[in-house]
Each structure stands twice: as C-alpha cells, then as structure tokens.
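Chemist: Below: one structure in structure tokens.
The values are calculated or read from the model by the stated rules, or taken from the named source; none is laboratory data. Computed from a predicted structure; not experimentally measured. All Cβ positions, even for glycine, are placed from backbone atoms using ideal geometry, and neighbour counts span all protein chains on display.
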C-alpha cells in the first residue's frame with residue numbers, strides 16, 4: 001500500500017504542479033483586475049461542489065469495483081472520502097496556509113453552512129451534501145474511474161485558490177511562491193488519499209488481476 005501511494009504521488013506531481021501554475025496565473029489576474037471578493041466567493045461555492053461530485057464518484061467506484069461491499073458501506077465511504085477530503089483540500093489546507101503566512105482568513109465549512117448559495121438561493125449545506133450523493137450514485141452504478149485527470153486537478157486547484165481570494169485579505173503578489181506551494185500540497189496529497197488509500201482501507205483483498213493503475217485518467 002505504501003509503495004502504491006508513493007507511486008501515485010509521483011505520478012500526480014507533474015499534473016499538480018501545472019495545475020498550481022494555472023492557479024497562480026488566475027491569482028495574478030484577480031489582483032491586477034481588482035476582482036471583488038464576492039466573485040471569488042461565488043466561484044469557490046461553484047467549484048467546491050463540483051470537486052465533491054468527482055471525488056465521491058471516484059472513491060465510491062473504486063470501493064465498489066474492488067469489493068463486494070453493501071450499498072450502505074459504499075455510501076458512507078463515498079461520503080467521507082469526498083466531503084472529508086475535499087474539505088481538507090479546498091478549505092483546511094488553504095486556511096492553514098493563510099494562517100502560516102499571517103493572512104487574515106475566514107474559516108468556512110461548506111457542508112455545514114446554512115447561508116444561501118450565491119445566485120441560486122439554496123442553503124450551502126444542501127448543495128454540497130447533494131453533490132456528494134450525486135457522485136456516490138454515479139460511482140456506485142457506473143463503477144467508472146475514468147475521470148479526466150488533469151481536469152480534476154484543475155478543479156481542485158482552483159477551488160483551493162478561490163478559497164484564498166474569497167476569504168483572505170492580503171497583498172498577494174509577494175506571496176505567490178508560497179501560495180504555489182500550498183496550492184500544490186492542497187491537491188497533491190488529498191488527491192491520492194481520496195482516490196487510492198481511503199477506499200482501499202475498507203477492502204480486504206483486491207481481486208486477482210484487477211489493476212489499480214488508471215493511466216492518469218483518474219482524479
């Protein structure tokens with residue numbers, strides 16, 4: 001398992017680094033375009049649920065594909081693996097990064113928030129939790145792990161980035177090298193935890209002949 005995770009981390013690193021570069025480019029545009037925090041907030045609350053859908057899909061699909069687990073187990077694993085790890089990636093790591101950089105940051109837990117979503121007027125917890133169950137349903141019945149890898153990396157990176165700009169107050173340009181590091185870490189480690197290590201913790205034995213390599217098409 002440790003060797004497998006190390007291999008996945010190595011394979012994810014180039015895509016994740018490139019995704020973090022796109023995040024830095026977007027941050028430069030936000031700063032020089034003087035884009036209001038409200039736009040970043042609306043973008044974050046769009047990207048975060050989409051990230052959860054894909055995380056739940058892949059986590060559930062891996063568990064279902066390599067086990068004979070019950071439906072209730074797949075739901076619990078898909079939910080914990082998506083809500084928990086997407087929150088770690090999109091919220092907790094950016095928040096801790098901001099704290100380490102002495103940035104004034106707000107702390108938000110989207111899957112528990114009762115405030116209404118921008119534009120659609122639905123409470124945030126309803127949208128975020130519904131996203132998890134949509135992903136679980138897709139992963140359980142389709143068993144697909146063929147999620148475009150780089151697209152998913154971008155989605156996760158941008159969600160983390162927009163958490164910084166939505167809820168942080170700072171002069172960002174001098175901090176860009178360190179923001180790059182936190183964007184990279186926010187995607188790189190949770191990505192492998194969600195897609196490989198977490199679901200496999202609940203599988204006693206992978207069926208013979210079933211390969212866990214997804215040719216860089218998964219999250």
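Chemist: Would a scan of region 148-163 turn up a residue that is in contact with a helix residue (DSSP H, G or I) (Cβ under 9 Å, 6 or more places away or on another chain), part of a helix (DSSP H, G or I), modelled with pLDDT of 95 or more and surrounded by fewer than 17 Cβ atoms within 10 Å (Cβ to Cβ)?
Modeler: The answer is no; no qualifying residue exists.
Chemist: While we're here: For region 112-121, state whether one or more residues are modelled with pLDDT under 95 and either out of contact with any helix residue (DSSP H, G or I) (no Cβ under 9 Å at 6 or more places or on another chain) or farther than 15 Å from residue 45 by Cβ (or both).
Modeler: yes
Chemist: A further question follows. Any idea how many residues of region 101-116 are outside any loop (DSSP other than H, G, I, E, B), free of Cβ contacts under 8 Å to residues at least 60 places away in the same chain and surrounded by fewer than 20 Cβ atoms within 10 Å (Cβ to Cβ)?
Modeler: 2
Chemist: Specify which of the listed residues (23, 78, 69) is touching a residue at least 60 places away in the same chain (Cβ under 8 Å) and either touching a strand residue (DSSP E or B) at 6+ places or on another chain (Cβ under 9 Å) or not in a helix (DSSP H, G or I) (or both).
Modeler: Unique residue meeting the criteria: 69.
Chemist: Tell me which residues, restricted to region 70-82, are surrounded by fewer than 24 Cβ atoms within 10 Å (Cβ to Cβ) and in contact with a helix residue (DSSP H, G or I) (Cβ under 6 Å, 6 or more places away or on another chain).
Modeler: 74, 75, 79
Chemist: Exactly one of (1) closer than 25 Å to residue 20 by Cα; (2) crowded, with 19+ Cβ neighbours inside 10 Å; (3) modelled with pLDDT under 95 is unmet by residue 139. Its number?
Modeler: Unmet for residue 139, out of (1) closer than 25 Å to residue 20 by Cα; (2) crowded, with 19+ Cβ neighbours inside 10 Å; (3) modelled with pLDDT under 95: (1).
Chemist: Something else about it: Out of all the residues in region 122-136, is one or more out of contact with any helix residue (DSSP H, G or I) (no Cβ under 7 Å at 6 or more places or on another chain), over 30 Å from residue 174 (Cα atoms) and not in a helix (DSSP H, G or I)?
Modeler: Yes: one or more hits.
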